[in-house]
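The values are calculated or read from the model by the stated rules, or taken from the named source; none is laboratory data. Just so it is clear, the structure is predicted and the values come from calculations on it, not from any experiment. Cβ atoms come from the backbone with ideal geometry, glycine included; neighbour counts cover every protein chain shown.
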Amino acid sequence: MTGQSKTLLLHPVRRRIIRRLHRDFKPHTVAELRSDLSLNSDQIRYHGDVLADRKLVKRFEGPDGLLIESRVADDPSVISILISTHAEDQGTIPPTRG
């Protein structure tokens, strides 16, 4: 993963989307992600688009609508970022600045 792609994961919503996709390693619809993450469809679509533009996720149409699938499930740098930010994203520690 490039440095530019890593900066995309500075945003907690993008990390939450990737983390959810990695939970069961299968594609999810925008509606499923919206429900699971308590976000609105516009947020899922916007951040999904940003992630797709950098090829961290793949978007495609399925029978139930737009599906989003992780393309970085086996990337050690992504896994490291998700692990190191998990508590921050859960609201148990203050966010880091930098």
If you go through the stretch 50-65 one residue at a time, do you hit one that is surrounded by fewer than 18 Cβ atoms within 10 Å (Cβ to Cβ), touching a helix residue (DSSP H, G or I) at 6+ places or on another chain (Cβ under 9 Å), of a type in the set (A, V, I, L, M, F, W, C) and modelled with pLDDT under 95? no
Take the residues in the stretch 6-33 that are surrounded by fewer than 18 Cβ atoms within 10 Å (Cβ to Cβ) and in contact (Cβ under 8 Å) with a residue 60 or more places away in the chain; name whichever of them is farthest from the chain's Cα centre (by Cα). Lys6
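Grab the helices (runs of 4 or more DSSP H) fully contained in the stretch 1-63, keeping just those with 1 or more residues being over 16 Å from Asp75 (Cβ atoms) and in contact with a Lys or Arg (Cβ under 9 Å, 6 or more places away or on another chain). Even if it seems obvious, please write down each step before you answer.
Details: elements: 3-8, 12-24, 30-37, 41-53.
Per the criteria, 30-37, 41-53.
Can you pull out every residue in the stretch 64-95 that is in a loop (DSSP other than H, G, I, E, B) and either more than 15 Å from the chain's Cα centre (by Cα) or aromatic (Phe, Trp, Tyr) (or both)? Please lay out each step first, then the result.
From the stretch 64-95, those in a loop (DSSP other than H, G, I, E, B) are 64, 71-75, 90-95; that's our starting set.
Passing the criteria: Asp64, Gly91, Thr92, Ile93, Pro94, Pro95.
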